[in-house]
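All remarks here apply to the structure that follows.
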2 protein chains.
Amino acid sequence: MAQKPSIPKGTRDFSPLEVNRRNYIISTIKKHFQHFGFQPIETPSFENYDTLMGKYGEEGDRLIFKILNSGDFLKKVPDDVYQEKNSTQLTPKIVEKALRYDLTVPFARYVVQHQNELDFPFKRYQIQPVWRADRPQKGRFREFYQCDADVVGSTSLWQEVEFVQLYDAVFTSLGLKGTVIKINNRKILSGFAEVMGQPDKLIDFTVALDKLDKIGKEKVIEEMQSKGITPEAIHKLAPIFDLSGNFLEKITQLKQLLASSEVGLKGVEELAFIQKVIATMPLVTAQLDLDVTLARGLNYYTGAIFEVAAPKTVKLGSIGGGGRYDDLTGIFGLKGMSGVGISFGLDRIYLALEELDLFPKTQENATQLLFINFGEEEALYAAKALHKLREIGVNAELYPDNAKMKKQMNYANKRSIPFVVMVGTKEIAEETYTLKNMLTGTQETLKLTDLIGAVKQEVL
Amino acid sequence: MAQKPSIPKGTRDFSPLEVNRRNYIISTIKKHFQHFGFQPIETPSFENYDTLMGKYGEEGDRLIFKILNSGDFLKKVPDDVYQEKNSTQLTPKIVEKALRYDLTVPFARYVVQHQNELDFPFKRYQIQPVWRADRPQKGRFREFYQCDADVVGSTSLWQEVEFVQLYDAVFTSLGLKGTVIKINNRKILSGFAEVMGQPDKLIDFTVALDKLDKIGKEKVIEEMQSKGITPEAIHKLAPIFDLSGNFLEKITQLKQLLASSEVGLKGVEELAFIQKVIATMPLVTAQLDLDVTLARGLNYYTGAIFEVAAPKTVKLGSIGGGGRYDDLTGIFGLKGMSGVGISFGLDRIYLALEELDLFPKTQENATQLLFINFGEEEALYAAKALHKLREIGVNAELYPDNAKMKKQMNYANKRSIPFVVMVGTKEIAEETYTLKNMLTGTQETLKLTDLIGAVKQEVL
């Protein structure tokens, strides 16, 4: 019996409309990446097992898709290991490759491996799928694209400034008004831990603080206390739960609060620089906001931390994020290579544009004109015009079969093809073509040159 | 110790130059796919194990990369199966997904799964990577892109005509002159088997005939005889070993040779139609050639068979191929869906363009202008012009650090950035910018409006 076709859970087929819309977002992002001097690289879909394992924590290791060795993969497995029948122990014996889990580790591997061919600072972008064996749920997939831009080899804060501008440029270009670019700095978080005199509680503190938006001040404080943070420590930092005002006002409050912490003040100073520069070249549609509750993978970032919130009208949460990391490539043997990068969340941006009806109305890549097929002689006559129209860049088709007129017109309608051309014996005799506008229903009979002129005007 | 970074054998990293060149080829192919009315789809990188297995023969099954189930994958394996320690038997118990091996089977699965959403004839293109556990060797990779266009749901020969035109349009557009589009028809091969009176020897016959180019007539005949094809049978078909003349002359000879075979004559008639139509709209740089030795996966194709040979000056063999298949979707339960499709060999086309020096000289996506960084105040002043230039579409950067002038100029040179802008205290005082052409060495000091005008003229 024939198989009933399906695809693995958490994966997706993309229809022509969806591919075109995804490409619209991707090409917009790409264009701005390039305006900002980023160059594309691509890395293999699978990396060596050892390259990926141990880089994303225990949970990450579990979520990495492993590729079974080819051929007689059990041959090299020692009998004693095999007898254990233990998945965790068997895996490294039968797996040498794994699908990439993100673009950051492959990028780090790339930089180290190709360090002698690269010119630093190296600004790269990478737009490729990644795979995670996550439990599929609404909006979370097992295969999805990441769109990353990173620069390595410079500690300059100008990079942070540019990433803020880049976010603004992309979202403005997509028509997504009212995004909020939230920024924080790991040094400020470290400063908090210093000020409260419990530097060992940094993680517990930030994990709790991160929830301020969702569960409110009281619950956050409860959680902090339950983790052993003292009431006095929390009291010292009380102002951060109610930090208000604009960016500059928050900076002023933080300076006072962190006055005793050198690292904390350094973090404030960095944010102040970014704010100062951005103020001289105002963002177009985005808003820059200082958010001390922002932590995002704290163990990873060492300086700026970014996150972009979608416009409030769409309830989507974050549509981008990133930050600075001081030792990206250390794990592969190249020390002291500071980097900073951001990412765009393609799937969520798609949902936002869809919800706000911001996708372009016309699909520029779709077929613009269909020649109706009335039989071999007519088709041959039509094919010549078709050939000429394609040469000037029109997307055009000849209906392949001499099917009933109604069927052919239906095909044009269903595919939203805006123009059809009809040629029968009369047109052939007169060397003309009848062009019909499917939207207005009007039609006119034209010589080839005029047909080309008319189509050119309408669709190019 | 840090890991020495590497990638799995048979895979590749692509540098910015390589990505840009690959994208140049891909976007050219895409553009023409669209001119011909094809629409993009994308399918998941991995399919269900059962969707792929058994579709590519035993060898294919072996070359498919299997993805190990996540979690405790051994839990569900029955002890008796496990005890066998047999890779072949264990695989289906610990694997549910596999990386796609080509784009054709996923396409067939897609058509069946989405048949109610599609308008037939359905013309789709798909440009995505595929994976094969082949032994890596020069020019053969374990991850590579396929670029396919197919149309399903019509038996019209106009599709074959259009694919010939499409090949010509793409290779012309890429500047690859002198390609030969070889065409054959499975029905002609069936006709040969009928004429020689040994229809059961069709495969042996065509496998041997396929080698005519490489090993010559005598060796081919030897092989045929060794497979049990009688000397009389071979004698009857003797003319095909020396078929000569142009397309039409070959057609005439084949008509005589296949006079007694209905299916054979049908094949000749189909080729004659294609030739006739193409003759009325001559190809621009490609040549259409009838090649009766062309077989390509005989079990698969049922009508036309295509293969494109690279220009003779590059010794690369085939850079594209395809054909008609009458029952693509049958295996997934949808009968009678005739299709025809072609494929472009991205890696070989890349090699051909490289060898013939046909890639565009300028990389349109590369950085066009670098602002030298002389310190914070200067950088801030420069950033405003930078911002304006990006807004009008210039790819521009600010060197992030106040490094030595020489280092910054070196960076511009190495990255082949054609223009740099320098701003010092003098420029700030005079509200000007000094623009230097890195190729000619000339420089001029300009007001912002003039700088924008000059850059616009030079790089946009």
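Here, each number is a calculation from the coordinates, and none is a lab measurement. Everything numeric here is computed off the predicted structure, so don't read it as measured data. Positions of Cβ are backbone-derived with ideal geometry, glycine not excepted, and every protein chain shown enters the neighbour counts.
Structure summary
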quantity: Per-residue average of Cβ from other chains inside 10 Å of A:397-406; calculated: 5
quantity: Sorted peptide list for A:49-58, A:318-327, criterion being average Cβ within 10 angstrom, highest first; calculated: A:318-327, A:49-58
quantity: Rotationally averaged projected area of chain A (alpha carbon convex hull; nm²); calculated: 31.9 nm²
quantity: Cα gyration tensor, the stretch B:94-156 - rounded (a/c under 1.5), prolate or oblate; calculated: oblate
quantity: Scaled radius of gyration (Cα, divided by 2.2 N^0.38 Å) that the stretch A:237-348 gives; calculated: 1.18
quantity: For B:GLN126, net neighbour charge (Lys/Arg +1, Asp/Glu -1) across residues whose Cβ lies under 15 Å away; calculated: 0
quantity: Average beta-carbon neighbours from other chains, 10 Å sphere, peptide A:157-163; calculated: 4
quantity: Selection from A:HIS35, A:TYR399, A:ILE203, by position along the positive dipole direction of chain A (Cβ); calculated: A:TYR399
quantity: Nm distances between copies for A:GLU391, ranked from closest, using label points 7 Å along Cα→Cβ; calculated: 4.3
quantity: Nearest-20 debye value, the protein assembly as shown charge dipole, Cβ charges on Lys, Arg, Asp, Glu; calculated: 300 debye
quantity: Separation of alpha-carbon centers, the stretch B:244-270 and the stretch B:318-379, rounded to whole Å; calculated: 37 Å
quantity: Too-long pairs where the Cα-Cα distance tops 27 Å, listed order kept, from A:LYS93/B:LYS66; A:LYS97/B:LYS414; A:LYS123/A:LYS214; A:LYS361/B:LYS456; A:LYS30/B:LYS66; calculated: A:LYS97/B:LYS414; A:LYS123/A:LYS214; A:LYS361/B:LYS456; A:LYS30/B:LYS66
quantity: For the stretch B:179-278: span of alpha carbons on each principal axis (Å, largest first); calculated: 41, 31, 18
quantity: Inter-centroid distance (Cα atoms) of the stretch B:149-214 relative to the stretch B:1-69, Å; calculated: 25 Å
quantity: Only Lys, Arg (+1) and Asp, Glu (-1) charged, at Cβ; the stretch B:235-301 dipole about Cα centre in debye; calculated: 80 debye
quantity: The stretch B:321-421: C-alpha gyration tensor shape, a/c 1.5 cut-off, then a/b vs b/c; calculated: prolate
quantity: Cα gyration tensor category, rounded, prolate or oblate, for the stretch B:1-143 with a/c compared to 1.5; calculated: oblate
quantity: Dipole of chain A [Lys/Arg +1, Asp/Glu -1 at C-beta], most positive-end residue of A:PHE120, A:PRO8, A:GLN253; calculated: A:PRO8
quantity: Net +/- balance of residues flanking B:GLU397 in space, Cβ distance below 11 Å, scoring K and R +1, D and E -1; calculated: +2
quantity: Hits among aspartates and glutamates - C-alpha to C-alpha of A:LYS384 under 14 Å, sequence gap 8 or more where chains match; calculated: A:GLU376, A:GLU397, A:GLU427, A:GLU431, B:GLU162
quantity: Qualifying lysines (Cα of each under 17 Å from Cα of B:LYS201; at least 8 residues distant if same chain); calculated: B:LYS187, B:LYS211, B:LYS227, B:LYS236
quantity: Convex hull volume per residue for the stretch B:44-95, taking Cα atoms only, in Å³; calculated: 88 Å³
quantity: Amide H contacts of B:VAL130 (H built 1.01 Å from N, under 5 Å, at least 5 apart or other chain); calculated: B:PHE144, B:TYR145, B:GLN146
quantity: Unit charges on C-beta of K, R, D, E only; dipole of the stretch B:344-460, Debye; calculated: 160 debye
quantity: Average projection area in nm² (convex hull over Cα atoms of the stretch B:102-204, one quarter of hull surface); calculated: 10.3 nm²
quantity: Chain A residue with Cβ closest to the axis mapping A onto B, distance in whole Å; calculated: A:LEU68, 2
quantity: Kirkwood-Stokes translational diffusion coefficient of the stretch A:365-459, alpha-carbon pairs, 25 °C, 0.890 mPa s, µm²/s; calculated: 189 µm²/s
quantity: Cβ-vector label at 7 Å, B:LYS266, separations to other copies in nm; calculated: 8.0
quantity: Calculated label separations, B:THR425, copies of the chain, 7 Å along the beta-carbon direction, nm; calculated: 9.1
quantity: Scaled radius of gyration (Cα, divided by 2.2 N^0.38 Å) that the protein assembly as shown gives; calculated: 1.07
quantity: Residue-count net charge about A:SER154 - beta-carbon cut-off 15 Å; Lys, Arg +1, Asp, Glu -1; calculated: -4
quantity: Theoretical ellipticity at 222 nm over the protein assembly as shown - DSSP helices of four or more residues, -39500 (n - 2.57) apiece, nearest 500; calculated: -12500 deg cm²/dmol
quantity: Listed residues B:CYS147, A:LEU451, B:GLY191: farthest to the positive end of the dipole of the protein assembly as shown (Cβ charges); calculated: B:GLY191
